[in-house]
DNA sequence: GATGAATGAGCGTTCATTCAT
DNA sequence: AATGAATGAACGCTCATTCAT
């Protein structure tokens, strides 16, 4: 533990720090974590951090990338190749996927994604960088769903709905899982048509 | 300007300050606006602010309420009474409403809403208060759409999709308005069935 | 309660405020009570306080006087005229008085007295005023004991010892009441000789 | 002066800062000295202070310890080994010691000790810490006198008297040194019997 | 490259005092 | 005389960043 980082090369160290930072952002919040926190978590001196990242924002950007990477892995793991023969059957499969995701998805990640993104809104250069990363990864995530719908817009709109629902859930709007599942089934079917 | 506030009573002043704060949060960000900023914007001393709000968080809560109020007004204004005779016709009407909203909606407001909400995530008591306000207003907004769908879950899911799309748009995901409109039409139709 | 002060004349009101202030100093500490606290405790506006006292220091001085008055009353009540015929007998009487006082004395008052006095140390004009009041009252208190000892210095030294013991007790120095009593008896006897 | 602290190690620096703080408390008062004052006095930035002390209270506690240390040194230096053969002789010796102490004692130190202690009265955790330190050192001081009296309570009561007299002197109660000396002689004699 | 003490600008909050009503 | 909103100076404390070692 004490020398976890000692054996890593510079790129690996950057990644290690970024991931620890992400954990801290999740635990304490973007506005509340400090460089000191990061240094302690990485068992490194505060000054050393600046050998890897120009400043705090650069560190946040790296943490954001780590987060997007994590989310992409999650989705790619969930979505195996569809290979459906009938429309109804594939609709059912996708409904299952969505429902499963909605219940098992670590919504904290999405919340953190949005927290970082939204706080960047007021710093143009920061926002530009994050937006670029965000688009890249989101397109990759969506491309998995596109295979199903044969339509990018359909995949995107269902994904948007999915994101919205996660937020609602997080902030206490009561939603019946059964009704959602039923509606998703309907929507998938009609969109795939 | 110099004595804008002089003629207002205490409740009006609170509202005035909350609205100015909301403007500042929009302009500078939740993490970056200061009590000093608010004081200057309101042409009032920093100390005076504390005659109206116990602390900065109380001010943020008030600004959040002002924001929700504003959003509610927006939606209530957009949604006129349905009065449809056929399913297809009403589907068309609602599609129009959604499309119009999506294009005219001041997405900054939704972004700000989420920014405030997400930053509260790490402060339980703050989050509890904001969540309460959020649910209250969102239920009111949704109730307008419920009239259309006769189903709360359908309204909610379309609203979730709407929110998600606003976020995507804000962060650079390209979406064709026509495709969205077409898909909304489909979804409304199949959900209303 | 709400109009306790309404029927009082100005001098009585000053006294009333001073006494409430003294209570607040005891409860919250000299460094921690605010003019706001006093106003609330007296059911009076903050501004009104300044019609009775020039500033906070003047209020503290008045509270100090109220405290000295209270202490004087306490001692005068305790010390009835001695009227002893033998030395041993009067020594016993005085020992009893001291012991009783030491166990029943509301040491908080003495602590408050010292708190106010010691904090004034760094403000010459304040200290001068308080010192004057202090001497006045302490001489009166001591004069009661002088009757017993026929010696001012003896009374004063026993009183000094008494004050010291109260402080020690307050700050956790363990003292056996029996030993103290025994020693006081010895000292009174030898000093009265 | 500019780099007085540069050559010291961390522990020495803490001590240096604590002592400077003690000076400031003596000069300006516990309620009036600021962290800024301390920083300037130590020729250090305000922020640096917080590398050595968690907060202002921690600094006050350290200053208090420094003060107690100083007082202990004073007493230990004054009290030489007794080595008396007759009661009268040793009584005389101790009387001399007390008188000398009473006239040479830097009463400001005792006043400061009490100022700090009394102001802590309203902050339980602070009081607990200071009380602990106070008892520790006072027991050490008293133990020196115990050797003389072979009685803890006698030593303690004379010490209490001594403290009381210092306070009285500070606040203008007139006392004749000769009478005090004479009385101390009597008391020592009768207590030692 | 690594360290961590030092910095200093900045922030939220408090509160005695004033003054228009 | 009474009010209480307004003031503004001050304070304790934080923290990203720097730099001598």
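The values are calculated or read from the model by the stated rules, or taken from the named source; none is laboratory data. In this text, all values refer to a predicted model and were calculated from it rather than measured experimentally. So basically every Cβ, Gly included, is an ideal-geometry build from the backbone, and we count neighbours across all protein chains shown.
For the stretch B:171-181, the candidate set comprises residues that are at the interface with chain A (Cβ under 8 Å from one of its Cβ atoms) and at negative phi; within that set, the residue that is surrounded by the fewest Cβ atoms within 10 Å (Cβ to Cβ) is B:176.
For residue C:136, the requirement of being within 11 Å of chain D (Cβ to nearest Cβ) and in contact with a helix residue (DSSP H, G or I) (Cβ under 6 Å, 6 or more places away or on another chain) is not met.
Of the residues screened, residue B:162 is one that is within 8 Å of chain A (Cβ to nearest Cβ), in contact with a helix residue (DSSP H, G or I) (Cβ under 8 Å, 6 or more places away or on another chain) and touching a residue at least 60 places away in the same chain (Cβ under 8 Å).
Does any residue of the stretch D:77-91 turn out to be in contact with a helix residue (DSSP H, G or I) (Cβ under 6 Å, 6 or more places away or on another chain) and modelled with pLDDT of 80 or more? Looking for residues that are in contact with a helix residue (DSSP H, G or I) (Cβ under 6 Å, 6 or more places away or on another chain) and modelled with pLDDT of 80 or more, one finds none in the stretch D:77-91, hence no. Any residue at all in the stretch A:142-149 that's within 11 Å of another protein chain (Cβ to nearest Cβ) and in contact with a helix residue (DSSP H, G or I) (Cβ under 6 Å, 6 or more places away or on another chain)? Yes.
Starting from residues that are within 14 Å of another protein chain (Cβ to nearest Cβ) and away from DNA strand E (no atom under 13 Å from the Cβ), keep the ones in the stretch C:54-70 and report whichever is nearest to residue C:148 (Cα to Cα). Filtering the stretch C:54-70 for residues that are within 14 Å of another protein chain (Cβ to nearest Cβ) and away from DNA strand E (no atom under 13 Å from the Cβ), the one nearest to residue C:148 (Cα to Cα) comes out as C:68. Scanning the stretch D:28-43 for residues that are away from chain C (no Cβ under 14 Å) and buried (at least 19 other Cβ atoms within 10 Å of the Cβ) yields a count of 2.
Screening residue B:47 on (1) at positive phi; (2) at pLDDT 90 or above; (3) exposed (fewer than 12 other Cβ atoms within 10 Å of the Cβ) shows it passes everything except condition (1).
Residues checked against (1) buried (at least 21 other Cβ atoms within 10 Å of the Cβ); (2) closer than 26 Å to residue A:113 by Cβ; (3) assigned by TED's automatic domain parsing to the domain that holds residue B:23:
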site	(1), (2), (3)
B:100	no, no, no
B:106	no, yes, no
B:113	yes, yes, no
B:118	yes, yes, no
B:123	no, yes, no
B:140	no, no, no
B:154	yes, no, no
B:164	yes, yes, no
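One residue is enough: does the stretch B:91-110 have a residue meeting the conditions facing chain A (nearest Cβ under 8 Å) and touching a residue at least 24 places away in the same chain (Cβ under 8 Å)? Checked the stretch B:91-110: no residue is facing chain A (nearest Cβ under 8 Å) and touching a residue at least 24 places away in the same chain (Cβ under 8 Å). For the stretch D:21-53, the candidate set comprises residues that are more than 25 Å from residue D:9 (Cβ to Cβ) and under 20 Å from the mean Cα position of the chain (by Cα); within that set, the residue that is nearest to DNA strand E (Cβ to nearest atom) is D:31.
From the residues in the stretch B:44-53 that are within 14 Å of another protein chain (Cβ to nearest Cβ) and within 6 Å of DNA strand F (Cβ to nearest atom), which one is farthest from residue B:34 (Cα to Cα)?
Once the filter is applied, the top-ranked residue is B:51.
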